[in-house]
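Please read through the structure below; I'll follow up with questions.
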Amino acid sequence: RSSDSLALYLGEEPAWFIQARFRLSLSRFHLSMAPPSSRPSPLPVANGRLVILYASQTGNAMDVAERVGREAKRGGCPDVDLLSMDSFNPSCLPGEGFVVFVVSTMGQGDPPDSMKSFWKYLLQKHLGSQWLEGLQYAVFGLGDSGYQKYNFPAKKLDQRLSDLGAKQIINKGLGDDQHPAGYEGALDPWLQPLWQSLNETNTSILPRIIDIVNPNMDILGDANVEVIYYGAPQDANISDSMGLIGRARSMSPALKFHNDGEPQYMLAFPNKESVIACWIRQGSLPRPLPSIPLVLIGPGTGCAPFRAFVEERTAQAAVEPTTPVLFFFGCRNQDSDFLYKNFWLNHAQNHGVLSAEKGGGFFVAFSRDQHQKIYVQDKIKEQSERVMNILCSNKAVIYVVGCSTKMPADVTAALEEVICQESGNSKENVSEWLKTMKKAGNFIIEAWS
């Protein structure tokens, strides 16, 4: 068929849904529906073929890769293949002519899950310095310059490809969350030279490059993806469609809440014969033992894994002794995005896991509900004594999960200030102590850009 549809409903009684209509006749993108472990057979090299490989954790790198693909198609590229790195066999790289890599950054300079097997393959010692001598490539990374290991996956990939004999089409581009325009502040000025360099290298790749540089909106045709909103309730803010789509991709769907603050969700399809392939990936956060005191810091959708932590500790507490849990949560407004509100409040009272009676605590920062913004790091400072008491107990672990823009650095600074204040140690000593905790796996940051 020339088009297929997929609808995403949110709500136990679906209040509204997003329908994304993929016009397959307008795009040759290979959208893999197989589990990441599957490997496609080697693809033949074609004149004018461009492969775009992305490694994405939350969708941003995929968005960039899709934009690269759209612009290539607009420029008349006869053969565009868009693939996640875990759906591409790295042994096929020597058979490719032109590849664009788009790579995001996880945590403290770690590669996304979908890149790990690919990267491990490239590090094999038997691959010589001429293994990729026929390949021409470009790398664009997404990261946050607030971190010491800024865009490490992209930088290391760029260097490794060069070491294996591949030739740069253009210098690597590094998107920065700290830029006023986000990663697009680096992407926009990187793309134009990319297309120009590609065209100079092989004119068959972009026979209509003028349509990229100066697009004629009258001949672009229909969009590859169309987003339609159905039956949205009066109080749903759907003016920012990109914001809604971005939030839908997150671990904890947060587009529309019921009265109890629980984001109910399900998938629905146009007909009963629709099929979707799915699989479960093992999470990257280590599970804490019941004997380990916890300081959990998870603003926004960063709270999702902590719900599992609290539920598990509640079950453990019924059969064995457990240790205290402090949880710091933050969001913009109490009425609009207080994720899992009733769940947290229930566990923060009546001797629940997060209750003061159990030595724990639940602290919320609503950043936009008052004139002066309040964030999780402010709540940490307010509870400095309780935080210090937890950290001084046996083998306490700190978990920080959420957006990588500024939050992890601000939270780390707040923890340093609290420990300095409560212990009387110097900032240098406290900083070294926290670094030691990270190395020991007792200070864990899971952040995404």
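The values are calculated or read from the model by the stated rules, or taken from the named source; none is laboratory data. From a predicted model like this one, the values you see are computed outputs, not experimental measurements. Cβ placement follows ideal geometry from the backbone for every residue including glycine, while neighbour counts extend to all protein chains displayed.
Quick check on Lys172: is it touching a Lys or Arg at 6+ places or on another chain (Cβ under 8 Å) and farther than 15 Å from Met106 by Cβ?
Values: touching a Lys or Arg at 6+ places or on another chain (Cβ under 8 Å): yes; farther than 15 Å from Met106 by Cβ: yes.
In short, yes.
Identify all residues within region 69-94 that are farther than 30 Å from Asn214 by Cβ and part of a helix (DSSP H, G or I); write none if there are none. Outline the logic, then answer.
Residues of region 69-94 that are farther than 30 Å from Asn214 by Cβ, as a first pass: 84-94.
Correct list: Met85, Asp86, Ser87, Pro90, Ser91, Cys92, Leu93, Pro94.
Given the criteria touching a Gly at 6+ places or on another chain (Cβ under 6 Å), more than 14 Å from Ile292 (Cα to Cα), surrounded by 14 or more Cβ atoms within 10 Å (Cβ to Cβ) and of a type in the set (A, V, I, L, M), does Val376 qualify?
Details: touching a Gly at 6+ places or on another chain (Cβ under 6 Å): yes; more than 14 Å from Ile292 (Cα to Cα): yes; surrounded by 14 or more Cβ atoms within 10 Å (Cβ to Cβ): yes; of a type in the set (A, V, I, L, M): yes.
So Val376 passes the test.
Just checking, does region 112-134 include any residue being of a type in the set (Ser, Thr, Tyr), assigned by TED's automatic domain parsing to the domain that holds Trp195, farther than 26 Å from Ile210 by Cα and in a loop (DSSP other than H, G, I, E, B)? If you could, list the steps in order and put the result at the bottom.
Of the residues in region 112-134, the ones of a type in the set (Ser, Thr, Tyr) are 114, 117, 121, 129.
Okay, now just the ones that are also assigned by TED's automatic domain parsing to the domain that holds Trp195, so 114, 117, 121, 129.
Imposing the further condition that a residue be farther than 26 Å from Ile210 by Cα reduces the set to 114, 117, 121, 129.
After this cut, where a residue has to be in a loop (DSSP other than H, G, I, E, B) as well, the list is 129.
The answer is yes; a qualifying residue exists.
Continuing with the same structure: Return the residue satisfying two criteria in turn: it lies in region 153-168 and is of a type in the set (Gly, Ala, Ser) and in a helix (DSSP H, G or I), and of such residues it is farthest from Leu123 (Cα to Cα). I'd like the intermediate steps shown before the answer.
Our first condition is that a residue be of a type in the set (Gly, Ala, Ser); within region 153-168, this holds for 154, 162, 165-166.
Restricting the remaining residues to those that are in a helix (DSSP H, G or I) gives 154, 162.
Working: Ala154: 14, Ser162: 13 Å.
Among those residues, the one meeting the criterion is Ala154.
Tell me, which residue of region 47-66 that is farther than 14 Å from Asp86 by Cβ and touching an Asp or Glu at 6+ places or on another chain (Cβ under 8 Å) is surrounded by the fewest Cβ atoms within 10 Å (Cβ to Cβ)?
Step one: list which residues in region 47-66 are farther than 14 Å from Asp86 by Cβ, which gives 47-52, 58-60, 63-64, 66.
Cutting the leftovers down to touching an Asp or Glu at 6+ places or on another chain (Cβ under 8 Å) gives us 48-52.
Values: Gly48: 17, Arg49: 20, Leu50: 25, Val51: 23, Ile52: 23.
In this case the residue turns out to be Gly48.
Taking only region 294-321 into account, find how many residues are part of a loop (DSSP other than H, G, I, E, B), buried (at least 22 other Cβ atoms within 10 Å of the Cβ) and not small (Gly, Ala, Ser).
Narrowing region 294-321 to residues part of a loop (DSSP other than H, G, I, E, B): 298-299, 318-321.
Adding the requirement that they be buried (at least 22 other Cβ atoms within 10 Å of the Cβ) leaves 298-299.
Subset that is not small (Gly, Ala, Ser): 299.
Within region 294-321, residues that are part of a loop (DSSP other than H, G, I, E, B), buried (at least 22 other Cβ atoms within 10 Å of the Cβ) and not small (Gly, Ala, Ser) number 1.
Let me ask you something else. Within region 379-416, take every residue that is more than 25 Å from the chain's Cα centre (by Cα) and not in a helix (DSSP H, G or I) and give me the one that is modelled with the highest pLDDT.
Gln383
Going through region 417-433 one residue at a time, which ones are buried (at least 18 other Cβ atoms within 10 Å of the Cβ) and within 28 Å of Arg307 (Cα to Cα)? Show your work before the answer.
Of all residues in region 417-433, those buried (at least 18 other Cβ atoms within 10 Å of the Cβ) come to 418-419, 430.
Once the filter is applied, which keeps residues that are buried (at least 18 other Cβ atoms within 10 Å of the Cβ) and within 28 Å of Arg307 (Cα to Cα), region 417-433 yields Val418, Ile419.
Can Val376 be described as in the same structural domain as Leu339 (by TED's automatic domain parsing), under 23 Å from the mean Cα position of the chain (by Cα) and over 25 Å from Pro321 (Cα atoms)?
Details: in the same structural domain as Leu339 (by TED's automatic domain parsing): yes; under 23 Å from the mean Cα position of the chain (by Cα): yes; over 25 Å from Pro321 (Cα atoms): yes.
In short, yes.
Going by the structure shown, is Pro293 closer than 20 Å to Lys438 by Cα, out of contact with any Phe, Trp or Tyr (no Cβ under 7 Å at 6 or more places or on another chain) and at pLDDT 90 or above?
yes
Is there any pair linking a residue in region 170-190 that is surrounded by fewer than 19 Cβ atoms within 10 Å (Cβ to Cβ) to one that is in a loop (DSSP other than H, G, I, E, B), with Cβ under 6 Å and at least six apart or on different chains, and which?
Gln178/Ser145; Gln178/Gly146; Gly185/His179
Condition first: of a type outside the set (Phe, Trp, Tyr), in contact with a helix residue (DSSP H, G or I) (Cβ under 6 Å, 6 or more places away or on another chain) and without any contact (Cβ under 8 Å) to a residue 24 or more places away in the chain. Can you find one or more residues in region 365-385 that meet it?
The answer is no; no qualifying residue exists.
Answer yes if at least one residue in region 169-185 is of a type outside the set (A, V, I, L, M, F, W, C) and part of a helix (DSSP H, G or I), and no otherwise.
yes
Taking Lys155 as meeting all but one of (1) at pLDDT below 95; (2) within 30 Å of Pro408 (Cβ to Cβ); (3) surrounded by 12 or more Cβ atoms within 10 Å (Cβ to Cβ); (4) not aliphatic (A, V, I, L, M), write down the number of the exception.
(1)
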